[in-house]
Amino acid sequence: MNAIYLSAAHKSSGKTIVSLGLSFAFRQQNLTVQTFKKGPDYIDPIWLSASSGSPCYNLDFYTMAAAEITNLYHQHSHQKDINIIEGNKGLFDGMQTTGGDANADLAKLLGVPVILVLDATGITRGVAPLISGYQNFDKDLEIAGVILNQVAGARHQKKLISAIEYYSDVPVLGAIARSEELIITQRHLGLMPANESSKSQEFIKTAAKKIAEQVDLEAILQVGKTAAEPSKQAKSATPNIISPPKNITIAVAKDSVFGFYYQDDIDAFAALGVDLVYFNTLKDNKLPAADGLFIGGGFPEMQLKSLSENHNLLIDIKAKIKAGLPTYAECGGLMYLSKRIENYPMVGVIDADCKINKKPIGRGYVQLAPSENHPWKNVSKHIFAHEFHYSKLENIAKNTNFAYRILRGVGVNGKSDGILLHNLLATYSHLRNVGGNFWVEQFVNFIKEIKGKKL
């Protein structure tokens, strides 16, 4: 096992840039690279997948049990030359005051050495007590090295390294100079997704070049060799899928607008024998032949004109949903199915208008309880998920039925989420096929049931 955990003292320290640069730089050395992201984030995994050349997987304490986390990690890290886990926020940041769900806890759970990416802006000698404090805060955690980021120049770098070497035993594995070439455009929910930009691969190559020049790649690999081997117990934690329903095809929206899908959810569809056929909401004029429809999250608000002008696809989607096509839509997908986003006409199957707010409406983890109206079978009594949206629905039809009661979070109106219409379930919450919430199998079985009735 060869693995490293990239964390920081606080968010926006440059973890993603370093992760991208290392992933591609190691690929250029003909090494197989597997990436993971802590938390529910969709955007960083899109970038990490593009950089590593293989799908990135999320590891999340809120939606996953410890056994699920270790199993997913060991399943995909096995026999890789280097595994890179990118943390979220700071090393000790989490929901609980006493810990248990922070980056440090995940690193200890998986037995992976931590490398701190430290934003050196405006600091010199002060970096030493920062590192010492992080070491002393949790004696069971291994901080195996630091990578200095946003270094102002040679003099600044020398002061930083001298202080670290004098006051601590933590090795400096690299010092990255401040550079405008290492800035990814920021969006209201974080970085601009890589699937939106035709220049994303060019940026990754630039990042890899600069990281390789300023970070000791061989030292990183040596640190990674200290990672723990997977346990036999963790390998057997995956739930078995019984009697996979065959001959089911689901159309999935995937393009520069809609790209927020968890890879393990996609894997679950494959394990069920489902054939996923992808379509482009900007270019295709009709849906592919399918038994069901899945429209995930994304940023439709960024390409409203192009979405709205693809009239034939809008008409086709509306007609097929009204005719009973089993459909599941999340966040951006829900927005797309409304009558309009701002002043741009959309699919119009949901009787509501979508407005974009300047401040977040719902942002963070949610907890849902299914209502008696939920059309899927064997739904968990408590569902742990998340939401990230600046939009809200207005002028919602008074007779609207909902699939969930909100126990934590905002959803559609603060009380309910999951609009039910025909055979459609459209929600602001992003579900994940883990933690007892095996929604993929529930949705597929629902499609199978509807298909059986038609036959």
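The values are calculated or read from the model by the stated rules, or taken from the named source; none is laboratory data. These numbers come from a predicted model, not from an experiment. Reconstructed Cβ throughout: ideal geometry from the backbone, glycine too, with neighbour counts over all protein chains shown.
General remarks:
Listed here are the residues, each with its yes/no results for (1) outside the structural domain of Asn445 (by TED's automatic domain parsing); (2) surrounded by 17 or more Cβ atoms within 10 Å (Cβ to Cβ); (3) not aliphatic (A, V, I, L, M).
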residue: Gly296; (1), (2), (3): no, yes, yes
residue: Pro300; (1), (2), (3): no, yes, yes
residue: Glu309; (1), (2), (3): no, no, yes
residue: Leu313; (1), (2), (3): no, yes, no
residue: Lys318; (1), (2), (3): no, no, yes
residue: Ala329; (1), (2), (3): no, yes, no
residue: Tyr336; (1), (2), (3): no, yes, yes
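- Annotation note: Cβ proximity below 6 Å between a residue of segment 110-134 that is among the charged types (D, E, K, R) and a residue that is surrounded by 15 or more Cβ atoms within 10 Å (Cβ to Cβ) (sequence gap 6+ or interchain) occurs for Asp119/Ser13; Asp119/Asn149; Asp119/Gln150; Arg125/Ala163.
- Exactly one residue out of Thr98, Thr124 is among the polar types (S, T, N, Q) and touching a Leu at 6+ places or on another chain (Cβ under 8 Å), and it is Thr124.
- Residue in segment 15-27 that is in a loop (DSSP other than H, G, I, E, B) and at pLDDT 95 or above present: no
- Inspection of segment 183-201 finds no residue satisfying the criterion of being farther than 30 Å from Gly364 by Cβ, of a type in the set (Asp, Glu) and either surrounded by fewer than 18 Cβ atoms within 10 Å (Cβ to Cβ) or at pLDDT below 70 (or both).
- Among the strands (runs of 3 or more DSSP E) confined to segment 386-441, the ones with at least 1 residues that are surrounded by fewer than 20 Cβ atoms within 10 Å (Cβ to Cβ) are located at 391-394, 401-408, 416-421.
- When Thr97 is tested against (1) crowded, with 16+ Cβ neighbours inside 10 Å; (2) of a type in the set (Ser, Thr, Tyr); (3) free of Cβ contacts under 8 Å to residues at least 40 places away in the same chain, only condition (1) is not met.
- For Lys377: the one exception among (1) within 25 Å of Glu68 (Cβ to Cβ); (2) surrounded by 20 or more Cβ atoms within 10 Å (Cβ to Cβ): (2)
- Of the residues making up segment 275-289, those that are within 19 Å of Gly259 (Cβ to Cβ) and either touching a residue at least 40 places away in the same chain (Cβ under 8 Å) or not in a loop (DSSP other than H, G, I, E, B) (or both) are Leu276, Val277, Tyr278, Phe279, Thr281.
- Search result, residues across segment 255-265 that are under 15 Å from the mean Cα position of the chain (by Cα) and either without any contact (Cβ under 8 Å) to a residue 12 or more places away in the chain or assigned to a loop (DSSP other than H, G, I, E, B) (or both): Tyr261, Tyr262
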